[in-house]
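Chemist: One structure coming up, written as structure tokens, with questions to follow.
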Amino acid sequence: MTGGRDPIRGVLLDFYGTLVAEDDHIIEAIHDQVLATARHPETVTTAEVGTVWWSAFQELAARSHGGSFRTQRDIAVSSLADTLRHVGSTADPLEVCRPQFAYWRQPDLLPDTLAFLGALDVPVCVVSNIDRGDLLAALEHTGLSFEHIVTSEDARSYKPRPECFLAALDVLGLRPDEVVHVGDSLSGDVTGASRLGIPIAWINRRGRTLPEGRSVTHDLPGLAPLPAIIAAGR
């Protein structure tokens, strides 16, 4: 370490959108399919479909914790069913979601992931809002391997709630101020880690502007700068 800075002893690491590409192209295709099956498609836009689905998904995920926990697959289908009803579609939400579920299990590895992981020399715990079976399949597909994994299904809650983060800290045996959380989601990663006082490396691949009132420790265009940051400490 240099300059007397505090060491970073571990990394909490998001998966989708951070190590592998998000399912945006699948979601866009679903929006188009929903619009095509709407009762009056001329009165609906794909933007409206996306807003309704995402809002319903977020609401269900926020209520899903502890004894009321529901898997992400269940939430995806239920929220899409609400969206289909909203536009008057009789499409089968499970069938419409199948391409998304398939992608969750076979995602595309991002180009900077392998070099980043190869340069890390501190313990890592993946922290993902996904069902464990889908994450394990995705790891097998991409050839990635991690000793420590905490999924929403393990913690019975979704980021930004604290359970996933606390479980990961417990697995690593570290305090919030001894790690950095690496993730791309403002709603899940940045909000959740901030609430616990965990330093945040926001992977901002799209060059988004950080909303007013939000703060991150590092705003990065990708993973490449992170090994040097972690080696240098906080």
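Chemist: Net charge around SER79, counting only other residues with Cβ within less than 13 Å of its Cβ (Lys, Arg = +1; Asp, Glu = -1)?
Modeler: Cβ neighbours under 13 Å give a net charge of +1.
Chemist: Oh, and also: Quickly rank 138-146, 126-134, 210-218 as a protection proxy: mean count of other C-beta atoms within 10 Å, highest first.
Modeler: 126-134, 138-146, 210-218
Chemist: Moving to a separate point now. Quote the charge dipole size of the stretch 34-76 about the Cα centre in Debye, to the nearest 20; the model charges only the Cβ of Lys and Arg (+1) and of Asp and Glu (-1).
Modeler: Computed about the Cα centre, the dipole is about 180 debye.
Chemist: Take the Cα atoms of the stretch 126-234, find their three principal axes, and give me the spread along each one in whole Å, biggest first.
Modeler: 35, 27, 26
Chemist: Computed on alpha carbon atoms, what radius of gyration and Dmax characterise the stretch 63-143, expressed in Å?
Modeler: Rg then Dmax for the stretch 63-143, in Å: 16.4, 53.
Chemist: Let me ask another. If you put +1 on each Lys and Arg Cβ and -1 on each Asp and Glu Cβ, how big is the dipole of the stretch 79-234 around its Cα centre, in Debye rounded to 20?
Modeler: For this selection, approximately 400 debye.
Chemist: When the dipole is taken about the Cα centre of the stretch 1-90, and only Lys, Arg (+1) and Asp, Glu (-1) are charged at their Cβ, what size is it in debye, to the nearest 20?
Modeler: In total the dipole reaches around 400 debye.
Chemist: Compute the acute angle (0 to 90°) between the alpha-carbon long axis of helix 163-172 and the principal axis of greatest extent of the alpha-carbon atoms of the chain; round to the nearest 10°.
Modeler: With rounding to tens, the tilt is 30 degrees.
Chemist: Hey, another quick one. Taking the chain as the reference, fit the longest principal axis to its C-alpha atoms, fit the long axis of helix 132-142 to the helix C-alpha atoms, and give the angle between the two in degrees, 0 to 90, nearest 10.
Modeler: Approximately 70 degrees, to the nearest ten.
Chemist: How would the stretch 107-146 be classified by its alpha-carbon gyration tensor: rounded, prolate or oblate, with rounded meaning a/c under 1.5 and the a/b versus b/c comparison settling the rest?
Modeler: In terms of gyration-tensor shape, oblate.
Chemist: Rank GLN72, VAL96, ALA155 by how far each Cα sits towards the positive end of the charge dipole of the chain (+1 on Lys, Arg Cβ; -1 on Asp, Glu Cβ) and give me just the farthest.
Modeler: It is ALA155, whose Cα lies furthest towards the positive end.
Chemist: Count neighbours as other Cβ atoms within 10 Å of each site's Cβ, and list the trypsin sites (Lys or Arg not before Pro) in the stretch 1-104 that are DSSP loop with at most 16 such neighbours.
Modeler: Filter output for the stretch 1-104: ARG5, ARG39.
Chemist: Can you run phi through the Karplus equation (6.51, -1.76, 1.60; θ = phi - 60°) for the stretch 186-196 and list ³J(HN,Hα) in whole Hz, with x for Gly and Pro?
Modeler: 5, 6, x, 6, 5, 5, x, 5, 4, 4, 9
Chemist: Just going by the charge dipole of the stretch 1-151, with Lys and Arg at +1 and Asp and Glu at -1 on Cβ, which of SER128, ALA62, LEU144 is farthest out on the positive end?
Modeler: ALA62
Chemist: Then there is this: Tally Lys/Arg at +1 and Asp/Glu at -1 over every other residue whose Cβ is under 14 Å from the Cβ of THR113; what's the total?
Modeler: Charge balance near THR113 sits at -4.
Chemist: Using 0.36 nm times the number of residues separating LEU166 and GLN106, minus their current alpha carbon distance, what extension gain do you get?
Modeler: 18.8 nm
Chemist: Now a separate question. I'd like the carbon and sulfur percentage of the solvent accessible area for the stretch 123-234, probe radius 1.4 Å, heavy atoms only, ligands and nucleic acids excluded.
Modeler: Here it works out to 51 percent.
Chemist: Can you list residues from other chains, or at least 5 along the same chain, whose modelled amide H is less than 5 Å from the amide H of VAL182?
Modeler: Placed amide hydrogens put LEU12, LEU13, ASP14, ALA201 under 5 Å from VAL182.
Chemist: Right, next: For helix 46-63, what angle does its Cα long axis make with the longest principal axis of the chain, in degrees from 0 to 90 and rounded to 10?
Modeler: 60
Chemist: Compute the accessible area per residue over the chain, keeping the other protein chains in place, probe 1.4 Å, unit Å².
Modeler: Accessible area per residue, the chain: 47 Å².
Chemist: Can you give me the distance in nm between label points at PHE146 and ARG195, each placed 7 Å from the Cα along the Cα-to-Cβ direction?
Modeler: 2.0
Chemist: Mean residue ellipticity at 222 nm from the helices of the chain, using -39,500 (n - 2.57) per DSSP H segment of n ≥ 4 over the full residue count, to the nearest 500 deg cm²/dmol?
Modeler: After summing the helix terms and dividing by residue count, I get -13000 deg cm²/dmol.
The values are calculated or read from the model by the stated rules, or taken from the named source; none is laboratory data. It should be emphasised that the depicted structure is a prediction, and the values quoted were computed from it without experimental measurement. In this analysis, Cβ positions are derived from the backbone assuming ideal geometry, glycine residues included, and neighbour counts consider all displayed protein chains. Protein only, heavy atoms only, side chains kept; ligands, DNA and RNA dropped before computing areas. Shrake-Rupley method; radii C 1.70, N 1.55, O 1.52, S 1.80 Å.
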